[in-house]
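The next block holds one structure in the form of structure tokens; read it before the comments.
The values are calculated or read from the model by the stated rules, or taken from the named source; none is laboratory data. Treat the numbers as computed from the prediction; the structure is a model and nothing was measured. Virtual Cβ from ideal backbone geometry, glycine too; neighbours counted across all protein chains shown. Side chains are part of the model used for accessible areas, which takes the heavy atoms of the whole protein and leaves out ligands, DNA and RNA. Shrake-Rupley method; radii C 1.70, N 1.55, O 1.52, S 1.80 Å.
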Amino acid sequence: MSIMSYNGGTVLAMAGNECVCIATDLRFGEQMTTVAVDQKKVHKISDKVYVGLAGFASDAKTVLEKINFRKGLYELRENRKLKPEVLATMISNLCYQHRFGSFFTEPLVAGLDPITSKPYICAMDTIGCIAAPRDFVAVGTGQEYLLGVCETFWRENMNADDLFEATAQSILSALERDAASGWGAVVYTITKDNVNVRTIKARMD
Amino acid sequence: MTATESQQGVLKMELDKGGAFSFDNCFRNMAMCRMGAAPPRLTSTGTTIVAASYNGGLVMGADSRATAGNIIADKHCEKVHKLTESIYACGAGTAADLDQVTKMLSSNLRLMELNTGKKARVITAMRQAKQHLFDYQGYIGAYLLIGGVDPTGPHLYECTANGTTMHKEFAAQGSGSYAAISVLERDFKVGMDEAQAKALVQRALHAGMSGDNASGNSLNLVIIRPEKTIFEGPIVPDFCKKPEPIDLEYKFKPGSTAVLKRKEIKYEIVESMDIH
């Protein structure tokens, strides 16, 4: 069994018109046993930038601490707000530094540019190879199911409401077929005015 | 302490160890492997990359698919990397390695151009790449085609992850290279003009994209002439197009998803601060 599916969990991000959605499931398991049902894999880095960390949970925690440390240093010495692209490059470099002894976590970045509100989403592999498409990205145990369903649910230039529905329905479909993810989901909708955090109704098994 | 003093204190703090690799997790990861845990799949470019020289210039091209196992991880991945204005590198192998190696090469070459006041040469790019790759004994999985035009003329080099380099007139690399090289071997002629070379590279890429699972989606081309460089792409060949969508759209009415809990995070409005 791969380390990447030891704890289970899925994160999905979709981009719309001046908005992005990032969704996470809530299960934390140890192989087939569910240990906790309130484990969010999405973390707030700054107002409009969120990061998702799927994979091995203890590495995800370590990487999150390293990300927050570097983000703090960046803001102190550059004296400006962090753009999502910059954060992604920072995480990519952090992961690549551990190229030959990697952290078993796949980071995902979603956010809006603090000034222009241009949406940005990207996913990485464990050693920091950035994939930044304009539509959607997914990481974690449900990645394969998500990529397929998002391909039909995603449309060009969705507004925040449509984007939320598409993201929520996509992750619900993935949870139907992924045994390692589930126990509810949380969807963050980031717009230029606010962030809406919605816990959606899902099957609880 | 004044603001500048504290800022300098921050500057002095070590962000990373000068870009070197950290081997902190190796022992743990090896132990985990011995316990029977499979290592994660890395994104590989699993590529078709092609280059051919013609009378006075060079055409290079790549497909745009990145794979992780059988999953298409990225449909529009950029595999034609710019090193300088007139030197480009196409990469096959581990995607993260390629991104980082080409990033390192382009910054080193730019610094060199600024220090010497001369345009960098293709052979310099090739030597920097091979020395880095040889240092790491093939563990950095970057297979490169480095090509460009410099004051000594057009050049094309193939560089493997072990640090072996070869000077070539035409070359193909990656998992789709078997299909591509057969097209090149059949049709390549010395002294072609630009249009012929471009068509040949495109045909070779098409062969790779249809014959190899790990190649496809679209192609990017770069034509390097002595006076200027033209980048073309992404070009989607007909056989890579998604069938016309039927008149059907999956659109959910707002409110279709049952929401259990809702929370709104408002942004703090910071007034009169020198951000950005």
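The table that follows gives values for the structure above.
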item: The stretch B:208-270-the stretch A:34-67 distance, computed between alpha-carbon centres (Å); result: 26 Å
item: Global geometry of the protein assembly as shown, whether rounded, prolate or oblate, following the gyration tensor of its Cα atoms and the 1.5 cut on a/c; result: prolate
item: Dipole of the protein assembly as shown, positive end: most advanced residue of A:ASN79, A:PHE164, B:VAL80 [Cβ charges, Cα centre]; result: A:ASN79
item: Solvent-accessible ranking of A:LYS48, A:LYS40, B:LYS266, largest area first, probe 1.4 Å; result: B:LYS266, A:LYS40, A:LYS48
item: Additional length obtainable on full extension of the chain from B:GLU113 to B:ASN213, 0.36 nm per residue less Cα span; result: 32.0 nm
item: Cα-based shape type of the stretch A:3-200, given that a ≥ b ≥ c are square roots of the gyration tensor eigenvalues and the cut on a/c is 1.5; result: oblate
item: Shielding of B:252-258 by partner chains, average beta-carbon count, 10 Å; result: 6
item: Sites A:THR152 and A:ALA179 - FRET efficiency at Förster radius 25 Å, r taken between beta-carbons, to 0.05; result: 0.65
item: Separation of the B:LYS75 and B:GLN137 label points, Cα + 7 Å toward Cβ, nm; result: 4.2 nm
item: Amide H contacts of B:SER22 (H built 1.01 Å from N, under 5 Å, at least 5 apart or other chain); result: A:HIS98, A:ARG99, A:PHE100
item: Helix-derived mean residue ellipticity, 222 nm - over the protein assembly as shown, DSSP H n ≥ 4, -39500 (n - 2.57), to 500; result: -10000 deg cm²/dmol
item: With DNA, RNA and ligands ignored, accessible area of B:MET166 (1.4 Å probe; Å², nearest 10); result: 70 Å²
item: B:ILE123-B:ASP24 pseudo-label distance in nm [points 7 Å out on the Cα-to-Cβ vector]; result: 4.3 nm
item: The stretch A:104-205: GluC sites (Glu not before Pro) falling in loop per DSSP and having at most 11 other Cβ within 10 Å; result: A:GLU156
item: Segment B:LYS241-B:ARG186, length gained on full extension (0.36 nm per residue, minus Cα span); result: 17.1 nm
item: Highest-MSF residue in chain A out of A:ASP161, A:ASP125, A:ASP59 [GNM, Cα springs under 10 Å]; result: A:ASP161
item: Gyration tensor (alpha-carbon) shape descriptor, the stretch B:44-238, a/c threshold 1.5; result: oblate
